[in-house]
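Beneath this line is the structure, given in structure tokens, with notes to follow.
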Amino acid sequence: MPIELQNIINQHHKLIEDWFAEKFKTYPPFIYNSVDLRNSGHKIAAVDTNIFPAGFNNLSIKARENANLALQKYLHTDISKILLITEFHTRNLKYLENINILKQIIEATGREVKLASFHPDFTEKMQLEDAAGKKLTIYPITRTANQIIIANNYIADLIIVNNDLTSGSPTILQNIEQKLVPPTGMGWYRRTKYGHFLSYNKIATEFAQEFNFDPFFITTELGFCKKINFKERKGLECIALETEKTLTRIKDKYQKYGLKQEPYVFLKANQGTYGMGIMAVKQAEEVFELNKKNRNKMQNLKSNKLNNQILIQEGIETIDQYNNAPAEPFIYLINGQIVGSILRINNQKDSKNNLNSAGAEFIPADDLAEFAPHFRLYSVIARLAALAAKLEEYQND
């Protein structure tokens with residue numbers, strides 16, 4: 001179907017652009033997103049949507065320029081000083097490189113940008129070096145009344161958060177006078193993947209109905225379980241049952257469209273990122289056969305957060321490749337506008353597995369000849385995911 005879907009998108013390009021323009025009027029997009037996609041050849045869908053995206057260091061020069069132009073339109077003229085709130089894991093040099101590039105993209109709009117972190121143990125500025133050997137300085141933040149301040153009495157007009165907030169919404173950033181984006185209520189301490197993909201399936205179904213095709217081709221089947229403890233084997237019955245139900249629904253659709261592939265699902269931590277707490281399963285019985293090593297991998301997330309909720313999501317095998325290794329695109333958006341794309345490549349995995357794991361490499365995808373024909377299709381799916389993320393915010397209020 002993606003070929004037929006691509007034809008639909010090309011044929012109705014103007015109507016589709018108008019459709020998105022109207023939707024984004026109702027649901028103004030976040031300042032930025034990145035969206036991971038999987039294309040199996042018979043269907044394509046978003047499989048992860050980040051509201052606090054990293055990886056800007058992997059974007060091409062052209063994509064960084066596009067991001068700068070999109071930010072120019074987003075930022076009001078009365079904004080001259082910006083504070084960029086970072087993660088607090090200084091050993092991740094690639095993340096620091098991402099911060100440096102994001103800082104440069106914002107500075108190219110003519111704004112002054114400073115870096116800061118809110119970690120409670122962080123009381124003095126840090127001089128760091130990223131993966132490219134470039135320097136950066138990160139400041140601790142303080143609060144006076146309802147304003148966030150860093151060294152030399154720097155008071156930002158806008159605070160941009162680039163921390164996924166797995167550990168919670170920091171009290172110091174709550175109810176401040178300065179504009180803060182994205183809102184801390186969209187952090188992974190509160191946001192859920194199940195909630196996101198329910199929203200995604202809803203908006204994608206609306207889109208499919210508008211342009212007269214089966215939503216199956218751009219959505220995934222879902223299941224959900226809570227009160228899970230992999231270490232103590234609690235809740236595995238729920239995961240197995242939801243896996244079986246989800247596989248049955250997938251098989252019915254495969255049979256309807258004459259698809260011969262063996263269906264499978266991903267078990268995913270319902271909250272969190274970095275590819276943690278994910279595994280592929282082809283049969284419900286595999287859930288009970290998890291060895292201690294795999295149960296330990298599924299038990300804890302970033303910041304040692306317990307993985308006690310599981311999303312069961314239809315697996316989509318990727319047909320995208322680079323140098324004979326499986327790959328998957330992800331798309332970067334600024335204010336709902338596509339600015340660039342990169343490929344995640346992992347020659348240690350096969351086309352059905354989670355590529356966001358050890359061995360993953362990243363390259364800009366904008367100028368790849370094999371990627372260009374799919375770009376319009378991929379951009380539609382990415383914008384549907386960005387809309388879905390905004391729907392989450394409205395539902396969480």
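Kindly provide the trypsin sites (Lys or Arg not before Pro) of segment 203-239 that DSSP labels as loop, not H, G, I, E or B, and whose Cβ sees at most 16 other Cβ atoms within 10 Å. Answer by residue number: K227, K231, R233.
Summarised in one figure, the compactness ratio Rg/Rh of segment 64-115, Cα atoms and Kirkwood Rh, is 1.01. Three principal axis extents of segment 219-360 based on alpha-carbon atoms, in descending order, are 43, 43, 32 Å. With angles folded into 0 to 90 degrees, how steeply does helix 2-11 sit against the dominant principal axis of the chain? Use alpha carbons for both and round to 10. Approximately 60 degrees, to the nearest 10. Amide H contacts under 5 Å for Q321: A327, restricted to partners 5 or more places along the chain or on a different chain, H placed in the peptide plane at 1.01 Å from N. Taking the longest Cα principal axis of the chain as reference, the axis of helix 13-26 is set at about 60 degrees.
Overall shape: oblate for segment 253-293, with the ratio a/c of the largest to smallest alpha carbon gyration tensor axis at 1.5 or above and b/c at least equal to a/b. Annotation: extensible slack from K293 through A358 equals 21.8 nm (criterion: 0.36 nm per residue apart, minus Cα-Cα distance).
Looking at segment 45-144, the DSSP beta bridges with both ends there are about 35 percent antiparallel. Packing, taken as the mean count of other beta carbons within 10 Å per residue, orders the peptides 9-16, 161-168 from highest to lowest as 161-168, 9-16. Magnitude of the charge dipole for segment 141-268, about its Cα centre and with charges confined to Cβ atoms of Lys, Arg (+1) and Asp, Glu (-1), is about 440 debye. Stretched out straight at 0.36 nm per residue, the stretch from Q127 to I319 would grow longer than its current Cα-Cα span by 64.8 nm. Charging the Cβ of each Asp and Glu at -1 and of each Lys and Arg at +1, and nothing else, the dipole of segment 32-144 about its Cα centre rounds to 180 debye.
Over segment 167-237, the Kirkwood radius and the radius of gyration, each from Cα atoms, give a ratio Rg/Rh of 1.15.
Computed with the Debye formula from one identical point scatterer per Cα of segment 62-207, without solvent, the log10 of I(q)/I(0) at q = 0.12, 0.17 Å⁻¹ comes to -0.56, -1.07. Expressed per residue, the C-alpha convex hull volume of the chain stands at 145 Å³. Reported to the nearest whole Å, the Cα centre-to-centre distance from segment 185-206 to segment 22-43 is 11.
Taking 15 Å as the straight-line reach from the Cα of K94, the aspartates and glutamates in range (excluding those fewer than 8 positions away in the same chain) are E129, D130, E361.
Nonpolar atom fraction for the chain, defined as the carbon and sulfur part of the 1.4 Å probe accessible area, stands at 47 percent. Computed with a 1.4 Å probe over protein heavy atoms only, the accessible surface of the chain comes to 44 Å² per residue. Per-residue extension of 0.36 nm, minus the Cα-Cα distance of E370 and I155, leaves a gain of 72.8 nm for this segment.
Each residue of segment 60-68 was assigned a 3J(HN,Hα) from its phi angle through the Karplus expression (A = 6.51, B = -1.76, C = 1.60, θ = phi - 60°), giving 5, 4, 4, 5, 5, 5, 4, 4, 4 Hz with x at Gly and Pro. For the listed peptides 243-256, 326-339, a ranking on the average number of other beta carbons within 10 Å per residue, highest first, reads 326-339, 243-256.
Where both residues lie in segment 149-290, what percent of DSSP beta bridges are antiparallel, nearest 5? Close to 65 percent.
The phi-based Karplus calculation (6.51 cos²θ - 1.76 cosθ + 1.60; θ = phi - 60°) puts the 3J(HN,Hα) values of segment 135-151 at 7, 8, 10, 10, 9, x, 10, 10, 10, 10, 6, 10, 10, 8, 10, 10, 3 Hz, whole numbers, x for Gly and Pro. Only the Cβ atoms of Lys and Arg (+1) and of Asp and Glu (-1) were treated as charged; on that basis the dipole of the chain about its Cα centre amounts to roughly 840 debye. Listed cross-link partners K62/K297; K25/K226; K260/K349; K14/K202 are compared with a 27 Å cut-off, the Cα-Cα value being larger for K62/K297; K25/K226. May I ask you to list the lysines whose Cα is less than 16 Å away from that of K256, ignoring any residue fewer than eight positions away on the same chain? Of all the lysines, those that pass the test against K256 - Cα under 16 Å, at least 8 places apart if same chain - are K43. Karplus-based coupling profile of segment 214-228, in residue order and whole Hz: 6, x, 3, 6, 9, 10, 10, 6, 10, x, 8, 9, 10, 6, 9, with θ = phi - 60° in 6.51 cos²θ - 1.76 cosθ + 1.60 and x standing for Gly or Pro. Against the compact-protein benchmark of 2.2 N^0.38 Å, the Cα-based radius of gyration of segment 1-57 scales to 1.37. The distance separating the Cα centre of segment 320-387 from that of segment 68-142 comes to 25 Å. The packing ranking of peptides 102-110, 184-192, 125-133, highest mean first, is 184-192, 102-110, 125-133, where packing means the average number of other beta carbon atoms within 10 angstrom of each residue.
Between Q261 and T248, the distance separating the two model label sites (each 7 Å from Cα on the Cα→Cβ line) works out to 2.3 nm. Under a 5 Å amide H cut-off, with hydrogens placed 1.01 Å from N, Y32 pairs with N335 among residues at least 5 apart or on other chains.
The values are calculated or read from the model by the stated rules, or taken from the named source; none is laboratory data. Because the structure is a prediction, the values reported are computed rather than measured. Cβ sites come from the backbone with ideal geometry, for glycine too, and all protein chains shown count toward neighbours. Surface areas here come from the heavy atoms of the whole protein model, side chains and all, with no ligands, DNA or RNA. Shrake-Rupley method; radii C 1.70, N 1.55, O 1.52, S 1.80 Å.
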